[in-house]
Amino acid sequence: MSARTNQRIDGTRLWDTLMEYGQIGGTPLGGVKRITMTDEDRRGRDLFRAHCEAAGATVRVDSMGNMFARREGRDPKRLPVMMGSHLDSQPTGGKFDGALGVIAGLEVLRSLKDLNITTEAPIVLVNWTDEEGCRFGRAMMGSAVWSGLHAEEAVKAIKDEEGIAVGDALAAIGYVGSVPCEKFAADAMFELHIEQGPILEAEGRQIGIVTGAQAQIWYEAEVTGQDSHAGTTPAVARKDALLTAARIIELVDATMRAEGTDHIADPGRGTVGRLSVYPNSPNVIPGKVRFNVEFRNPSDARIAQIAEEFPAQAAAIAAANHTTLTLIPVFRIPAQPFDADCVALVAEAAEKLGYAARRMVSGAGHDAVHVARVVPTAMIFTPCKDGLSHNEAESIEPEEAEAGTQVLFEAVLQRANRAL
Ligand SMILES: [Zn+2]
């Protein structure tokens with residue numbers, strides 16, 4: 001019962017199904033608006049349930065709305081091999097972010113049925129609730145609760161901007177399931193996702209073998225100077241909080257660029273994405289500025305070094321400019337390496353199928369990163385046009401979707417049939 005045969009998924013059916021889901025919440029610009037726990041989300045979920053049942057799987061929903069479609073294996077003692085991603089989108093999202101991983105999993109289930117394959121281990125396809133975080137401000141919500149990172153009750157009380165709580169929004173679309181949301185024992189998890197970055201496309205490769213996710217540290221910063229008259233305050237007397245902030249933004253950028261500036265795969269990331277200026281008047285020297293800083297890097301050691309050096313460097317800039325800085329670290333997560341055996345299965349599948357592949361670290365967060373804390377996990381990336389995502393113009397080629405899905409199929413099959 002070797003799986004090393006030329007078993008192929010159906011690339012045309014895969015693409016047609018991707019386009020079918022792209023209609024649910026489809027936008028005039030060709031993107032998707034399928035925000036979590038809205039009617040569009042419900043319609044996507046209903047279709048997903050029907051498709052999974054038609055493919056011979058049993059669907060159950062947990063109390064966070066995570067959907068699990070299970071296809072039984074031959075050996076009832078084996079733990080399931082999981083695959084999946086998310087069907088929710090950003091307000092101006094694309095057709096493939098998340099949906100590719102779910103629909104590729106559906107294609108795997110359909111192909112197993114067509115090819116009359118019974119795996120040794122059960123296969124479970126997951127649609128995680130609210131990966132995007134755009135409505136309630138908590139990305140990867142469903143997988144975070146499932147893996148024990150966040151408490152369900154607290155998450156369910158989080159409200160959107162209209163004051164609707166997660167628990168109520170989920171109930172309104174009929175997706176508070178009867179199964180408690182908690183991790184169950186699983187043998188492995190594989191998530192296929194578009195890269196959302198430019199590396200694979202630039203290098204002409206079809207498959208990213210994702211070895212893990214990068215470490216992150218986030219700060220909230222507040223610079224205090226003194227409001228004063230723009231026309232009468234000379235250089236020597238200024239305490240310009242915005243100028244300090246600008247110089248710290250330069251430091252953030254320089255810290256990133258110290259990791260390399262000429263290669264597309266240079267690892268440093270450093271960003272100030274939000275800034276508030278007070279009093280924010282055209283002719284008042286700003287007395288207060290609040291902003292956010294975040295650094296990401298595949299290396300825990302490098303993030304530790306930044307955590308050691310950046311606060312003092314930033315404080316020195318503030319002092320030299322006659323202002324003061326309060327810098328509060330608000331979030332820090334270590335790098336999350338994926339499981340070496342699962343990563344190897346992805347690499348072997350890509351090689352066997354003859355796809356050009358490279359090892360890479362995920363720049364973005366994904367459900368698989370949470371799941372990796374409790375289940376052996378790996379991810380597969382496929383290229384996307386211009387590295388663009390969280391955008392209605394997000395685009396991939398049918399052959400790229402097929403390649404990624406074929407690798408997913410192969411890796412899942414190998415894992416589910418492995419000798420114990
Ligand atoms: Zn995604």
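Annotations for the structure displayed:
- Residue satisfying condition, being surrounded by fewer than 20 Cβ atoms within 10 Å (Cβ to Cβ) and in contact with a strand residue (DSSP E or B) (Cβ under 9 Å, 6 or more places away or on another chain), within set THR233, THR244: THR233
- Residues of the range 174-181 include none that is over 28 Å from ALA419 (Cα atoms), crowded, with 22+ Cβ neighbours inside 10 Å, of a type in the set (Val, Ile, Thr) and touching a helix residue (DSSP H, G or I) at 6+ places or on another chain (Cβ under 6 Å).
- Of the listed requirements (1) surrounded by fewer than 16 Cβ atoms within 10 Å (Cβ to Cβ); (2) of a type in the set (Gly, Ala, Ser); (3) in contact with a strand residue (DSSP E or B) (Cβ under 9 Å, 6 or more places away or on another chain), GLY287 misses just one: (1).
- Top-ranked residue in the range 54-87 [being in a loop (DSSP other than H, G, I, E, B) and touching a Lys or Arg at 6+ places or on another chain (Cβ under 6 Å); ranked as farthest from the ligand (Cβ to nearest atom)]: GLY56
- Exactly one residue among LEU115, LEU79, LEU125 is in contact (Cβ under 8 Å) with a residue 60 or more places away in the chain, surrounded by fewer than 24 Cβ atoms within 10 Å (Cβ to Cβ) and within 24 Å of GLY148 (Cα to Cα), and that residue is LEU79.
- Just one of the listed residues (THR255, THR224) is farther than 30 Å from GLU351 by Cα and touching a Phe, Trp or Tyr at 6+ places or on another chain (Cβ under 8 Å), and it is THR255.
- Listed here are the strands (runs of 3 or more DSSP E) enclosed by the range 303-415 that have at least 1 residues being aromatic (Phe, Trp, Tyr), under 20 Å from VAL108 (Cβ atoms) and at pLDDT 95 or above: 377-382.
- Some residue of the range 239-261 being within 16 Å of the ligand (Cβ to nearest atom) and among the β-branched types (Val, Ile, Thr): no
- Some residue of the range 210-218 being β-branched (Val, Ile, Thr) and within 17 Å of THR271 (Cα to Cα): yes
- Where strands (runs of 3 or more DSSP E) fall entirely within the range 136-227, those with at least 1 residues that are more than 20 Å from the chain's Cα centre (by Cα) and away from the ligand (no atom under 16 Å from the Cβ) are at 215-224.
- Residue satisfying all of: in the range 354-399; polar (S, T, N, Q) and within 15 Å of the chain's Cα centre (by Cα); surrounded by the most Cβ atoms within 10 Å (Cβ to Cβ) among these: THR382
- Residue match in the range 258-273 (condition: in contact with a strand residue (DSSP E or B) (Cβ under 6 Å, 6 or more places away or on another chain), touching a residue at least 24 places away in the same chain (Cβ under 8 Å) and farther than 24 Å from MET140 by Cβ): no
- In the range 149-179, residue farthest from VAL371 (Cα to Cα) [restricted to those that are in contact with a strand residue (DSSP E or B) (Cβ under 7 Å, 6 or more places away or on another chain) and without any contact (Cβ under 8 Å) to a residue 12 or more places away in the chain]: ALA165
- Against the conditions (1) buried (at least 24 other Cβ atoms within 10 Å of the Cβ); (2) among the charged types (D, E, K, R); (3) assigned to a loop (DSSP other than H, G, I, E, B); (4) more than 14 Å from the ligand (Cβ to nearest atom), ASP97 satisfies every one except (4).
The values are calculated or read from the model by the stated rules, or taken from the named source; none is laboratory data. This is a predicted model, so every value here is computed, not measured. All Cβ positions, even for glycine, are placed from backbone atoms using ideal geometry, and neighbour counts span all protein chains on display.
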